[in-house]
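Q: Can you read through this structure? Questions will come right after.
Just so you know, all these numbers are worked out from the coordinates, no wet-lab data involved. In this text the structure is predicted, and so the values were computed from the model without any measurement. Don't worry about glycine lacking a Cβ; one is built from the backbone with ideal geometry, like all the others, and counts go over all protein chains shown.
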Number of protein chains: 2
Amino acid sequence: MNPAKTVGILGGGQLGRMLTHPAALLGIPLIILDSGSYTPAKQTLLPPQNTSHLDGPFTSESHIRELAKQCDLLTVEIEHVNADVLEQVEREGLCEVQPSPGTIRLIQDKYLQKKHLAAKGVPVAPFEALPADPTEEDVRNVVQRLGTPVMLKARTLAYDGRGNSPLKEVESTSIKASLEFLGDRPLYAEAWAPFVKEVAVMVVRNKEGEVRSYDAVETMHRDSILRVCLAPLRAGGMEGVNLRARALAEKAVSTLEGAGIFGVEMFLMADGTLLLNEIAPRPHNSGHHTIEACHTSQFENHLRAILSLPLGSTSLRVPSAAMINILGSSSSMDPVLKTAEAAMSVPGANVHLYGKTESRKARKMGHITLTALTDAELFTHLRTLLLAQPDASVSWIDPIAPEPKSGHSHAHPLVGIIMGSDSDLPTMLPATKILDNFGIPYELTITSAHRTPERMVRYARSAVSRGLRAIIAGAGGAAHLPGMVASETAVPVIGVPVKASVLDGVDSLYSIVQMPRGIPVATVGINNSTNAALLAIRILGTASPALTAEIEAYAKSLEEEVLGKVETLEQEGWDKYVERLKK
Amino acid sequence: MNPAKTVGILGGGQLGRMLTHPAALLGIPLIILDSGSYTPAKQTLLPPQNTSHLDGPFTSESHIRELAKQCDLLTVEIEHVNADVLEQVEREGLCEVQPSPGTIRLIQDKYLQKKHLAAKGVPVAPFEALPADPTEEDVRNVVQRLGTPVMLKARTLAYDGRGNSPLKEVESTSIKASLEFLGDRPLYAEAWAPFVKEVAVMVVRNKEGEVRSYDAVETMHRDSILRVCLAPLRAGGMEGVNLRARALAEKAVSTLEGAGIFGVEMFLMADGTLLLNEIAPRPHNSGHHTIEACHTSQFENHLRAILSLPLGSTSLRVPSAAMINILGSSSSMDPVLKTAEAAMSVPGANVHLYGKTESRKARKMGHITLTALTDAELFTHLRTLLLAQPDASVSWIDPIAPEPKSGHSHAHPLVGIIMGSDSDLPTMLPATKILDNFGIPYELTITSAHRTPERMVRYARSAVSRGLRAIIAGAGGAAHLPGMVASETAVPVIGVPVKASVLDGVDSLYSIVQMPRGIPVATVGINNSTNAALLAIRILGTASPALTAEIEAYAKSLEEEVLGKVETLEQEGWDKYVERLKK
């Protein structure tokens, strides 16, 4: 570890600010270049002794050269820098630059970026360049090939939706409006990708070309601005999306030169395929949760990568996390501070204000990270946080974090209760009462090993990715449901033998408990769905000290209940007691 | 939330530095008073615009008054401040001070602190003041009442063992040496507390008197300096120590005035009782892990408490955490940086360097936080980190983080395998093979419901606090072991019915599976300890995505094994195949 390597950062906004913290932790000296003496990043780390942060535009040649003179290495917190000067600085041997200026330049032009990725075999939506100063006719020609809707996009200097204009129909007025909105920047057109989710993956790459990805996240936008980010990605019934998204992001970043962290945005299509949207050569808003939620944050890994320090573990250290942006809603700071203070009462919420002295509508003023032991806990708290946003609306929040409804399946269940037939429902209902008492979110449905085999397989295979941690399966007679479900999932399956009309339930018990070696089913007593629920709660309790304490209190209450009966028995005498029992 | 309240901090060392980060996150302006312009705390947060940090001793009246003029509230990161001046400043209405100067003064004198706590009913070791300039005779008198060994302690300005001198025998030479070592400070004597563990609890208290404690931790010292801290406290076989330690710490802090975070150190005695040792009225080394491991760090909660912001959740967000101090070993910075770099390759390790420009032997230069999904993972990584310390020695490390030994119980097992009799061992051994294959740490022992009932109850009751997440219990015939163990623990119990000499194992199966409502046992097939182990792994997998992936790979390998047999069957024909099977 070389503590003397000084890093210069082009850009002194919130991303730079979040780089200063790991820099301080690792003893890495930083000098920041940006206009202003009190920018977000300059507030939170003094420059090395006898130096100062630089006050000037991060696109200015003279300032970049001045910074290069004082540093061993330059990096960026924004891609809209002067790539030419960075290249010269590196070529002249003045200073190393990471990621490579060539990569920054390639990424600055979204059309060239996409062309590069497509050429390397990375799947992207169909796209085409538009000529300079495109006419209506040019647009019509392109749309003929790409179809509608189509996105007209600025090739450069576009972020937070400011360089995108969707075109739904090929009408003169809409085309003119789009071209006017986008101004006289170079443009390209992209076929509309009818995605079901937007997905992002942070990837860190060191100079030796080693890449490590973080878990994929779901990103949720409103008015083209990222508002909520959920980690890890839950892709519902789709298999392996997280792993495939990471592999794709790693592949894309491997085609680029230089070291650092990269944010890779993708579209998840209805058929489960992934299309790459764009790459940012720097820390990214969709990786802010990594500060609390992962072993090593995207910011620390960026510094480690560019300085050839060992890359840190990208693993989540919590089961479930979210990030919520705090946007300015006007020039007033009040709504920002109100949102922040509301978050301070939410367990697991961490407020990050960026130290910006002025608020503006839609300006990123801070963010909140939320961590939780379960998805259910996460979405409960997420709902509270979203309701505290100045522009909260139920129609926006309900699809993200719905309110649970009694007697219906929870949107983020930890336990699944399934049964082969609705005739098993009365036997299985006691399990719901127990789970309700402990406040455990669950879902309940019917799926049969013999009558709906495909549905059963789909249910079992999606259990892990939907966040289930235990499945309670009730069945009678041949009772194949628990064992078959256990064959298709890694989630622990608890089997409840249901007493059928003959054989006293022994048939169901034997069918459930005598599983072949390799596929375990946790079997409970005949018709005893109460114990199945309590077992599921004990399983959840292994990851929750609070729940373990509740289980201990429940055991105590059972003891007290029996002791109460002892007392009644002694007071009443057994003759009277047994009479009362008979009633 | 009032962003305009400026906080002045007396002291600009590492504790102040760690306060700057949450201050920046919450937009709280800080001004720091300490000698030097580049102290650890001054490096990591600019003072509010148009102000500057103050350069001067935090005991100087003029500097404190200067600080008070610029701030709304003063607080401390060290208790050796000028409590008189703080009291005047507050009395004159110049500035609020938190925690209250009276509390700081009380705590500064360890004898008065102890007297106060004892008077409030807080259990402490027997102690007695010594007269000013104590003679050998004075010491002998006190020792007659307190016994040996006895600790002679400086009442003031003592930390990291520098104010303590243990006296094993009442001999002239030892007494003289002790008195000389302690110098001419006021002294008191304390009976030696033969503790089994040292325990610490961080407690935050707001102005309304609301207190919240963090989970108790075990602190490990070497040469009287804190080296390792483990969270949460695992008190082996002792029941409820964590909760009792928290209750005691909360009670002690409730007797003090003012708001802020308090570090409470305790002794855990062999009989499970707790004695309070001392309190620090500020963030404390035993709470550094809270930055990564808890929802709200001790530093952020200190700021929230003194500013009347909502107190944050003190819950751990990870199952297991440790803190390892990085001490200077000489004036050279190299060993410090080497330790830090070694930690960068350990998953879950976070390096915190304090920005001190000079190293000294035993100086606190930084620390490492380690978080893990399980104790076993934690101690594996802890061993690596301790071996990388410049003064590493196996005799010091082995008792803390021993190396696992095959065929013997792991020191930090996740799964317990128990059986009623050694005759069950052959039936239970397949479970060990499966757990070995998955790299799951486990213990194996014999305990019988009928022959060693007390041992069984002790085993079951300590399971949660020893970190077990599943118990596999094998038993035959009457087979009471799994059910009885399940009655005494909240850990999921998996029952393996062992086939006894009669009834084909059906007796064991029925005895294990037909548990009364309220106490579940997860029953697997007769003699099928393989499935019991696989079920335990599925339970562990609910908290570990990596393990879930391994379970899925295992299922795949089973499928491939069968498909391999299909191929052989087709190639050889079934006549030949069945002949080979018979061999």
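Q: If packing is taken as the mean number of other Cβ atoms within 10 Å per residue, what is the order of A:266-276, A:516-526, A:396-406, A:284-294, highest first?
A: The peptides rank, most packed first, as A:284-294, A:516-526, A:266-276, A:396-406.
Q: Here's a follow-up. Could you work out how far the C-alpha centroid of the stretch B:475-520 sits from that of the stretch A:399-469, in angstrom?
A: Centre-to-centre (Cα) distance: 28 Å.
Q: Would you please give the residues with an amide H less than 5 Å from that of B:L327, counting only those at least 5 places away or on a separate chain, with H modeled from the backbone geometry?
A: B:M365
Q: Something else: Just checking the output field for B:314-325: average partner chain Cβ neighbours within 10 Å of each residue's Cβ? Intermediate results must be reported in sequence, preceding the final value.
A: On the way: counts 1, 6, 2, 12, 4, 6, 0, 1, 0, 0, 0, 0.
Per residue, the number of nearby Cβ atoms from other chains is 3 on average.
Q: May I pose another question? So what's the Cα pair-distance distribution over the stretch A:415-542, bin width 10 Å, in %?
A: 15, 51, 31, 3
Q: Along Cα→Cβ at 7 Å, what distances in nm separate the B:P194 label point from those on the other copies, shortest first?
A: For B:P194, the inter-copy label distances come out at 7.9 nm.
Q: Kirkwood hydrodynamic radius of the protein assembly as shown from all distinct Cα pairs, in Å?
A: Working: mean 1/r = 0.0306 Å⁻¹.
Taking every pair of different Cα atoms in the protein assembly as shown, averaging 1/r and inverting gives 32.7 Å.
Q: Let me ask something else. How many partner chain Cβ atoms sit within 10 Å of a residue's Cβ in peptide B:354-363, on average, as a whole number? Intermediate values should be presented prior to the final figure.
A: Numbers: counts 3, 5, 1, 1, 0, 0, 0, 0, 0, 0.
Average per residue, whole number: 1.
Q: Between A:S62 and A:E210, what is 0.36 nm times their sequence separation minus the Cα-Cα distance? Round to one decimal in nm.
A: Values: separation 148, 0.36 × 148 = 53.28 nm, distance 3.38 nm.
Stretched fully, the A:S62-A:E210 segment lengthens by 49.9 nm.
Q: What list of ³J(HN,Hα) couplings, whole Hz, do you get for the stretch B:162-170 from phi and the Karplus terms 6.51, -1.76, 1.60, once you set θ to phi - 60° and write x for glycine and proline?
A: 6, x, 10, 9, x, 10, 8, 10, 8
Q: Could you tell me the distance between the Cα centroids of the stretch A:58-89 and the stretch A:309-353, to the nearest Å?
A: The stretch A:58-89 and the stretch A:309-353 have Cα centres separated by 30 Å.
Q: Quick check on chain A: helices-only [θ] at 222 nm, where DSSP H runs of length 4 and up contribute -39,500 (n - 2.57) each and the sum goes over total residues. Nearest 500, please.
A: -11000 deg cm²/dmol
Q: Here's a follow-up. How many angstrom separate the Cα center of the stretch A:194-208 from the Cα center of the stretch B:134-211?
A: Going from one Cα centre to the other spans 58 Å.
Q: If the label for A:T273 sits 7 angstrom from Cα along the Cα-to-Cβ line, what are its distances to the same label in every other copy, in nm to one decimal, shortest first?
A: Taking the point 7 Å beyond Cα along Cα→Cβ, the inter-copy spacings are 7.4 nm.
Q: Filter the GluC sites (Glu not before Pro) in the stretch B:314-401 down to the DSSP loop ones having no more than 14 other Cβ atoms within 10 Å, then list what survives.
A: Those that pass, being in a loop and sparsely packed, are B:E358.
Q: For B:L74, list long-range residues whose amide hydrogen, built 1.01 Å from N in the peptide plane, is under 5 Å from its own amide hydrogen.
A: B:G8, B:E96, B:V97, B:Q98
Q: Which value in Å does the Kirkwood hydrodynamic radius of the stretch A:53-164 take, with 1/r averaged over all unlike C-alpha pairs and then inverted? Walk me through the numbers before you get to the answer.
A: Working: mean 1/r = 0.0614 Å⁻¹.
After inverting the pairwise mean of 1/r, the radius is 16.3 Å.
Q: Here is a follow-up. Please report the base-10 log of the normalised intensity I(q)/I(0) for the stretch A:126-191, using a Debye sum with one equal scatterer per alpha carbon and no solvent, at each q in 0.16, 0.23 (1/Å).
A: For the stretch A:126-191, the Cα-only Debye profile gives -0.42, -0.91.
Q: Output ³J(HN,Hα) for the stretch B:253-261: one whole-Hz value per residue in order, computed from phi by the Karplus curve 6.51 cos²θ - 1.76 cosθ + 1.60 with θ = phi - 60°, and x for Gly and Pro.
A: Along the stretch B:253-261, the couplings run 5, 5, 7, 9, 9, x, 10, x, 9 Hz.
Q: Follow-up question, since we're still on this one. What nm distance separates the two modelled labels at B:E257 and A:E171, each placed 7 Å from Cα along Cα→Cβ?
A: Each label point lies 7 Å from its Cα, and together they span 7.5 nm.
Q: Amide H to amide H, which residues 5 or more places from B:T374 or on other chains are under 5 Å from it, using H placed in the peptide plane?
A: Residues meeting the criterion, in which the H sits 1.01 Å from N, do not exist here.
Q: Near B:G102, within a Cβ-to-Cβ distance under 9 Å, what is the net charge of the other residues, with Lys and Arg +1 and Asp and Glu -1?
A: -1
Q: Same structure again: Using 7 Å Cα-to-Cβ label points, what is the B:D55/B:E180 separation (nm, one decimal)?
A: A separation of 4.1 nm, rounded to one decimal place.
Q: In nm to one decimal, list the spacings between the A:R451 label point and its equivalents in the other copies, with label points set 7 Å along Cα to Cβ, shortest first.
A: For A:R451, the inter-copy label distances come out at 5.1 nm.
Q: Taking one equal scatterer on every alpha-carbon of the stretch B:426-499, how large is log10 of I(q)/I(0) by Debye at q = 0.27 1/Å?
A: Taking Cα atoms of the stretch B:426-499 as identical point scatterers yields -1.40.
Q: Further question on the same structure: Restricting things to alpha carbons, find the Rg to Rh ratio for the stretch B:497-583 using the Kirkwood radius for Rh.
A: Result: Rg/Rh = 1.13.
Q: Would you mind checking B:K207/B:K251; B:K110/B:K364; B:K153/B:K356; B:K110/B:K168; B:K42/B:K364 for any pair whose Cα atoms are more than 25 angstrom apart? Intermediate results must be reported in sequence, preceding the final value.
A: Values: B:K207/B:K251 16 Å; B:K110/B:K364 23 Å; B:K153/B:K356 29 Å; B:K110/B:K168 21 Å; B:K42/B:K364 17 Å.
B:K153/B:K356, as the Cα separations exceed 25 Å there.
Q: Starting from 0 in steps of 5 Å, tell me what percent of the Cα-Cα pairs of the stretch B:1-54 lands in each bin.
A: 5, 24, 35, 24, 9, 2, 0
Q: Quick one: pull the percentage of alpha-carbon pairs in chain A with a separation above 48 Å.
A: 25
Q: Another question, if that's okay. So for chain A: antiparallel DSSP bridges make up what percent, rounded to the nearest 5?
A: Working: 57 of 87 bridges.
Taking every DSSP beta bridge within chain A, about 65 percent pair in antiparallel fashion.
Q: HN-Hα J couplings of the stretch B:173-186 from phi, Karplus 6.51/-1.76/1.60, θ = phi - 60°, integer Hz, Gly and Pro as x?
A: Here the 3J(HN,Hα) series is 5, 5, 4, 4, 4, 4, 4, 5, 4, 7, x, 9, 7, x Hz.
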